[in-house]
Amino acid sequence: MDFIAPFLIRHRLVLLLVAIVLAVVSFPLSSQLNMDRRLEKMLLAHDPDVAGYLRLQKDFAASDVVLMIYRDEQLWDETGIGIQRMQGIGDRLKKVDGVQAVLSLAELNKVLRTLRGARWLQPENTPVILATDDGLATKLRDLFSGYTHREGSPYAAIACMLTPTSATKKSRDETLRQIDAITQDMPDGLAAGELLGEPVMVHDGFNLLEADGARLGIASTCILAVVLLILFRSFRWMLVPLLVVHWSLLVTRGLLVAIGGELSMVSSMLTAMVTVVGVATVIHILVEFQQQMKVQSPQAAMETTIRHLFKPVLWSVATTAAGFASLTLAQVGPVQDFGWIMSLAVLVTGVGTILLVPPLALLGSVDLKPHEIPGDHWLRRTCENIYDIAVSRRALALLTLALLTVLALLGSAKLQVETDFIKSFREDSRLVKAYRTVEQNLGGAGVWDIVVPAPTVLTQPYLDELDKLQAKLRAIEIERKPVESLSRDKSDASANSILRLSKVISVTDAIQASDGDRWLSLLPAAAKLEGMKQTMPEFMAAMLTEPDATTGLRQLRIMLRSPESTDAAAKSQLIEAVRAEVQAFSTSPDWKKQFGDSKPPEPYITGYYLLLAKLVNSLLADQWLCFSVATLAIGIMLWCAMGNWWQAIASLVPNLLPIVLVWGIMGWLGWRVDMGAVMIAAVSVGLSIDGSIHYLLRARREIVSVQEDAGALDAKKRWDLQLRATQRSTGLALTVATVALVCGFLSLVVSDFRPTETFGRLVSLTMLGGLIGNLVILPILVAPSLKRHSS
């Protein structure tokens, strides 16, 4: 410190110049930072299910499906007016760049007219698909029932099969925006429709997060500016922390672009998070500088402040970065990205504090001294009174601490994961309403796929084997716990206790549908398949690939639909039951016989439903892993900082307890863990431990002054005076910094994306708990070790 403090003061203008140069270099780069919206980025690249999803996109002409849902009371009208309207909407959707094909009752009507030759025998607007006495029409309606319609229901769906993003220049976002515009512009006075599907869910989630990131960044800045102005009544000291924050943001964004990084779903909170962390760091310096200015010149006061706080700030930055860095061990891509991006941002904020605070604090002479915090003396006395109460009732406090810990651990064992990704959005959002409509009127809203190999020519024996697999898939039944369903129809409560696939469809079903016509039923399977290719070319391309040039094999897609809103255990059991059936099917002798002597590739399961279910299931395991690693890493850092293992452990206790208590409360009350909750543990311990570091290093610094003033007092009196002095000084700084932190994090609760709201609310609670722990529990635990240190 004898070198660092004078150096930073003496060369402060050079440091300011360095900061300006870095900002100028980073500015053009920062505007190029993009958000990665790919679903596969939500899980790790080496995950086999992610590999399956990428393979599906590569092999099939249209891999993702978006449903447009609307209500038409005349849908089943015998005049055909409902079918005509549907056809018009479908024709508009086909023109959207990025839509490979559409599937609807109107498209089935066209297919049937082609097969029947109806274009010559009946008027153009005849709804032949609605005929109840036509076997082929009935078969086709049954084939897609629960997918594009439900018999007699006024609700209809038009399935838009999207071109893989790798095969089109149009961005997925632009495609979805154009589809949504058509959804909002319905013909003949029909109410606006709804758009849903996992692509829409991810698209809307990212849009909300981008809007949140901008809005919450502004909100957190404004809130903290007001807090700083009220506390210190100084425009200079309102601007200094905010300049540090925005310099750090600019440089961090520039660094991300330089190393090829991108924002992901959760890391869009970057602005709000850096604002909160940066302001809290500078506040400790500000409070100390304000105290030193009472007895020293500004330059000497800043040098003394650096001598006192350089080490605490350094370790605070390191432990906060470690807390965020532990999130990189998560299996959820956005959480992992959030971890390393925020670690980088925290380190940059530390550098920004060194480069900017000394020169900006001493620049000029106007408004140089921050005013005392309102109620300064009262707050200091309150902190000291809290210490008196805690120390005088030490045994009771420790007993209460043990009891709360046991209750919290029992409650945390009851934690459950929020399995329904739809609940990441507010109840009144369009997306949730659309999913509710589908789950209530058309069946399950979860879409996924099985991909199996197929020979060059689909023989009848091959189709028979495939039909056996589909029959077994339709027979799967999983008992599930009652959950809050997207459907508001309570009459089917008993049916909701069983989870099953609501739709299983492949080219086999399409070929079998032709058996509804006595003449078409006489044709061989290959001829039926060729007829389907001619009448529904886009649909068939999305269901069956062309033969591979090397192996001659095709890839055949079985599309699955299942309820989206269900508990994690049942959803996992359904997925595993499907895997088991596919595995048994792929190893059966009858199946292998279809490929002769060659060994066919293994079937695989993939799709949004599978990936989102896997993402959700990994949340709870990620939470415990990241929390454990963060605790271990920060504990080692504390031991290095303090040189005392007991003080390191004692520092962790008051900061871990609030987190465990929050988990316990969530467990006892049945609140579910979502993507926001999974991050609070590692992040909170990294943030709140800063207070313990400042407290303990300040207490050890007080030893010298206390020993000089205490004279012949015994050791017990000396460490008592030592902790009282620390409680008055650092306790005030901790209180002010925590108020700023909580105010900043509470700006996140207005987010439309529930995980962001959860994160802001729970981190605020743990920060307040950490403040109480550092003022009440920490003095009780560290007093013995400080007594020995004092002696």
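About the Cα centre of the chain, how large is the charge dipole given +1 on each Lys and Arg Cβ and -1 on each Asp and Glu Cβ? Please answer in debye to the nearest 20.
Values: 75 positive and 76 negative charges, 501 e Å.
The calculation lands at about 2400 debye.
The angle separating the long axis of helix 568-587 from the principal Cα axis of greatest extent in the chain is about 50 degrees. Put a dot 7 Å past the Cα of Ala527, heading toward its Cβ, do the same for Leu410, and the two dots end up 7.4 nm apart. The simple Förster model, with R0 at 51 Å and r as the Cβ-Cβ distance, assigns Ser297 and Leu396 a FRET efficiency of 0.60.
Taking 1.306 mPa s as the viscosity and 10 °C as the temperature, the Stokes-Einstein diffusion coefficient of region 538-591 based on its alpha-carbon Kirkwood radius rounds to 114 µm²/s. Computed with every protein chain present, the accessible area of Met767 is close to 10 Å² [probe 1.4 Å]. Put simply, the amide H of Gly446, placed in the peptide plane, has neighbours under 5 Å in Ser562, Glu564, leaving out anything fewer than 5 places away on its chain. Counting only protein chain heavy atoms and rolling a 1.4 Å probe, the accessible areas of Trp247, Trp76, Trp519 rank, largest first, as Trp519, Trp76, Trp247. Along the charge dipole of the chain, pointing to its positive end and built from +1/-1 on Cβ of Lys, Arg, Asp and Glu, which listed residue (Leu29, Thr353, Asn385) has its Cα farthest out? In the chain, that residue is Asn385.
Give the ranking of Ile230, Ile498 by solvent-accessible surface, highest area first, calculated with a 1.4 Å probe.
Working: Ile230 105, Ile498 45 Å².
The ranking, largest first, comes out as Ile230, Ile498.
Computed from Cα atoms, the angle from the helix 754-772 axis to the main principal axis of the chain rounds to 20 degrees.
Sorted by accessible area (1.4 Å probe), largest first, how do Asp567, Asp467 line up? Each step should come with its number before you reach the end.
Details: Asp567 10, Asp467 50 Å².
I get Asp467, Asp567, largest accessible area first.
Between Thr114 and Leu669, the simple spin-label model (points 7 angstrom out along Cα→Cβ) gives 5.7 nm.
Taking a probe of 1.4 Å, how large is the accessible area per residue of region 564-606, in Å²? Don't skip to the answer; put the middle values down first.
Details: 2020 Å² over 43 residues.
Accessible area per residue, region 564-606: 47 Å².
In the context of the full set of protein chains, region 250-361 has a per residue accessible area of 25 Å² (1.4 Å probe). Taking a sphere under 13 Å around the Cβ of Lys592 and counting the other residues whose Cβ falls inside, with K and R at +1 and D and E at -1, yields a net charge of -2. In this label model, Lys95 and Ala584 are separated by 5.1 nm, measuring between points 7 Å along each Cα→Cβ vector. How high is the FRET efficiency from Ser429 to Ile259, r the C-beta distance, R0 30 Å, rounded to 0.05? Computed FRET efficiency for Ser429 and Ile259 comes out at 0.30.
State whether region 253-395 is rounded, prolate or oblate according to the following rule on the C-alpha gyration tensor (a ≥ b ≥ c being the square roots of its eigenvalues): a/c under 1.5 gives rounded; otherwise a/b larger than b/c gives prolate, and the remaining case gives oblate.
Details: a/c = 2.71, a/b = 1.44, b/c = 1.88.
Verdict is oblate for region 253-395.
Accessible surface computed residue by residue for region 185-233, with neighbouring protein chains in place and a 1.4 Å probe, gives 37 Å² per residue. Cross-link pairs exceeding 19 Å in C-alpha to C-alpha distance, out of Lys169/Lys614; Lys169/Lys533; Lys571/Lys614; Lys468/Lys593; Lys95/Lys170; Lys468/Lys592, comprise Lys169/Lys614; Lys169/Lys533.
Using only helices, what value at 222 nm comes out for the chain when you add -39,500 (n - 2.57) per DSSP H run of length 4 or more and divide by the total residues, to the nearest 500 deg cm²/dmol? Write down the numbers at each step before the final one.
Details: 28 runs with 501 residues, N = 791.
The helix-only estimate for the chain comes to -21500 deg cm²/dmol at 222 nm.
Convex hull volume of the C-alpha atoms in region 395-484, normalised per residue: 206 Å³.
Other residues within the sphere of radius under 15 Å centred on the Cβ of Pro654, judged by their own Cβ, net out at 0 (K and R +1, D and E -1). The Rg/Rh ratio of the chain, with both radii computed over alpha carbons and Rh defined as the Kirkwood radius, is 1.08.
Across region 747-752, rounded Karplus estimates of 3J(HN,Hα) from the backbone phi angles (6.51 cos²θ - 1.76 cosθ + 1.60, θ = phi - 60°) give 5, 6, 6, 8, 5, 7 Hz, Gly and Pro being marked x. Would region 331-407 count as rounded, prolate or oblate if I go by the C-alpha gyration tensor, calling it rounded below 1.5 in a/c and otherwise prolate when a/b exceeds b/c, oblate otherwise? It comes out oblate by the Cα gyration axes. Rounded to the nearest 10 degrees, the angle from helix 12-30 to the longest Cα principal axis of the chain is 0 degrees. Straight-distance candidates among the aspartates and glutamates for linking to Lys110, with alpha-carbon spacing under 13 Å and chain neighbours fewer than 8 residues away dropped: Asp91, Glu124. Relative contact order, whole percent, for the chain stands at 19, derived from Cα pairs under 8 Å and 6 or more residues apart.
The accessible surface of region 115-238, taken with every protein chain in place and a 1.4 Å probe, is 57 percent carbon and sulfur. For His377, the accessible surface of its heavy atoms amounts to roughly 110 Å² (probe 1.4 Å, protein chains only, rounded to the nearest 10). Could you pull out which residues in region 360-388 have an amide N less than 18 Å from a spot 7 Å beyond the Cα of Arg233, following the Cα-Cβ vector? Output list for this probe position: 366-380. Here the extension length gained between Leu314 and Thr456 equals 44.5 nm, from 0.36 nm per residue of separation less the Cα-Cα distance. What a 1.4 Å probe finds exposed on region 513-593 is 57% carbon and sulfur by accessible area, rounded to a whole percent.
The values are calculated or read from the model by the stated rules, or taken from the named source; none is laboratory data. From a predicted model like this one, the values you see are computed outputs, not experimental measurements. Note that each Cβ is placed from the backbone with ideal geometry, even for glycine, and that neighbours are counted across all protein chains shown. These accessible areas exclude ligands, DNA and RNA; they are computed on the full protein's heavy atoms, side chains included. Shrake-Rupley method; radii C 1.70, N 1.55, O 1.52, S 1.80 Å.
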